[in-house]
Structure formats: C-alpha cells, structure tokens
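The block underneath contains the structure these notes are about, expressed in structure tokens.
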Amino acid sequence: MLETVQAPLFQNGTVACWRARTGTGLGFCPEVESCIQDSDNLRNVSEDLTNGSYDDVLNAEQLQKLLYLLELTEDPSIIERALVTLGNNAAFSANQVIIRELGGIPVVGSKIKDPNHSIKEKALNALSNLSVNVENQIKIKVYVNQVCEDVLSGPLNSPVQLAGLRLLTNMTVTNDHQHMFTNYITDLFQVLLAGNGTTKVQVLKLLLNLSENPAMTEGLLGAQVDASFLSLYDGHVAKEILLRALTLFQNINNCLKKEGHLPVQPTFTQGSLFFLLYGEECAQKMRALVNHHDADVKEKVTIIPKC
C-alpha cells in the first residue's frame, strides 16, 4: 500500500466552497479558464504549479488549474511535469478525494494511451497513488484491461511496466476488482519468470493479493506455469522473492482450507500451477528449505502444510 498522510487546510476554503463557486465541483470555473486559455500564460502557469515552490500540497484551485493545463497543452514537457505534480499530490488522502471530485481521474487516465513512454509512466504513477482511495478505484477500474495488456506486451523490466504493475497491485488490495485479472494470470506468471528481481517482486505482490481471495484460487491453480517457477524456491533466491513465493503457496493452501478441501484428487491439467506446487519436486524443495540459513524462511516453510 502507498503511504498517505492528511493534507493541510486549503488556502482558498473547503471543497464545499469550491463546489459553490463552480456549480458542480467538476469542470472549470471562468476564473481558471481565463487564466490559462491565453497561450502566453500557459508556460508561466505550468512553472508556477510544478516548480516545487509550494511547501506541501496544492489546494483545490491549484489542482483544478493543473488539470485544465493537462487537458489544454500538447507540450510533452509540461504534461510530464503536471503529471508528476499531480502524482505527488495524490499521495495525500485529502487530495485523492479532491482530484476525483474535480473530474481529474479521466484526465490523468487519458494519458496512459500516450505513445511517449515517459508520459505513460508518469500517468500510471499518478493513477497508482489515486488508486489507494477505494472510491477512486471505481473510476480507475475502466483502465485495468488496458494496463494489463500494456504490462504484458510492453518492454520487460521497463519503468512503464513497473508503474503499471504498481497500479494493478493497488487495484487488487481488495477483492472488488480481482475478477478482472482472471484472464491475465497465466501471462503474469510469464512476466514473473522472465523479469529481473525488481519485476519479480512487483508481480509477486500482485499475485499475493489475488492468492488471499478464495474466489481466485481456482484461477491461480489452473494457470499454465513453466516448470522453472519452482526455481523460486531454491535456497539461494533473494529473500524478498523467496518469502513472497512461499507466502503465495501458504495463501493458496489457506484458501483451499476455507473451501473445505485440500488438493487430494487433482482436477487441473498437466503444466498447471497445481501440479507444480503439489508435485514431488516442490515437496523436496520445501524439505530442503527447512534447513535454510534465514530464520524467517525456515519459519515460513514450517507453516506450509505437507500435502
């Protein structure tokens, strides 16, 4: 989960006051529009809002100007700076609400289609921070399929891929939208196995969220996964990866218990995660990890039941 803190009081009144000025709390009031419409003022407004001159966070009026700036400009440098500023401000819980009420989520979301990878990354980072708010997820979920496709088809280990994975991880913190990932599980395991250490950790975070939900257990166990997955349980694997891989196994076992059965009668096809986790090779690796040098790993292995 991304860390959120309480934002300071707005310099120009509360959200309710801002709504009174604009009518609905969405769109842009005449003062903002006239301030930015002049192209001569565009870059000045951009610099004022994105140069870090504000000590903490932007207030509602500044955020509205920033969103209007994003819609108005085609300058890549201004778009990037505006997205970074929005993303930083979206780390504050109060601003997560304000940006949503100003209609900012679709404005940011439209930028994930930008062919400029740097802009796409900044937009994904901003959406990731916004997605910490559960109500924001209702609006952000419309981008899940596209982000999944981009993560799976984009350059491996790239900043865009990692930004997308962080957003998808936040979107799976609750069970509400996890069903949207069912068709992508096998491909996510492929990214897990192909990626570097940083990518592996981020994919495992996403899979761990899914593995805590009994409704996703069948989809996880039925995923076609390369046998090299079991190499994640080798004793030399980095601790941050090994512990998460073990927790994935533990969570799946826990969900099977909740459903009232452990996998005695296989109902999954060869090549599935089921056959990897409950096969003899995995059992041998679990027995070997009992003697692992790290106490946390040894403790985790003892929790996983012998099936």
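The values are calculated or read from the model by the stated rules, or taken from the named source; none is laboratory data. None of these values were measured; they are calculated from a predicted model. Virtual Cβ from ideal backbone geometry, glycine too; neighbours counted across all protein chains shown. The protein model used for the area step is the full one, side chains on, heavy atoms only, and it has no ligands, DNA or RNA in it. Shrake-Rupley method; radii C 1.70, N 1.55, O 1.52, S 1.80 Å.
Note down the Stokes-Einstein diffusion coefficient of the range 188-306 in µm²/s, whole number, using a Kirkwood radius over alpha carbon pairs, 25 °C, and 0.890 mPa s. This corresponds to a translational diffusion coefficient of 171 µm²/s.
Using only Cα atoms, what is the ratio of the radius of gyration of the range 120-168 to 2.2 N^0.38 Å?
Numbers: Rg = 10.2 Å, N = 49, 2.2 N^0.38 = 9.7 Å.
Taking the Cα Rg and dividing by 2.2 N^0.38 Å, one obtains 1.06.
Assuming R0 = 25 Å, can you tell me the calculated FRET efficiency for the pair Thr174 and Glu280, based on Cβ-Cβ distance, to the nearest 0.05? After rounding, the FRET efficiency stands at 0.10. Global dimensions of the range 95-205 from alpha-carbon coordinates: Rg and Dmax equal 13.2, 41 Å.
Determine the alpha carbon to alpha carbon distance for each of Lys65/Lys120; Lys239/Lys285; Lys200/Lys239; Lys205/Lys239; Lys65/Lys139; Lys65/Lys113 and list only those over 18 Å. Before the final figure, lay out the partial values.
Values: Lys65/Lys120 21 Å; Lys239/Lys285 15 Å; Lys200/Lys239 12 Å; Lys205/Lys239 14 Å; Lys65/Lys139 21 Å; Lys65/Lys113 22 Å.
From Lys65/Lys120; Lys239/Lys285; Lys200/Lys239; Lys205/Lys239; Lys65/Lys139; Lys65/Lys113, over 18 Å: Lys65/Lys120; Lys65/Lys139; Lys65/Lys113.
What net charge is computed for the residues neighbouring Arg100, neighbours being all others with C-beta under 10 Å from the C-beta of Arg100, Lys and Arg scored +1, Asp and Glu -1? Here the count lands on -1.
Annotation: for a label point projected 7 angstrom from Cα along Cα→Cβ of Asn116, no residues of the range 135-172 have a backbone N closer than 11 Å. To put it simply, the accessible area of the range 197-250 at a 1.4 Å probe is 50 percent carbon and sulfur.
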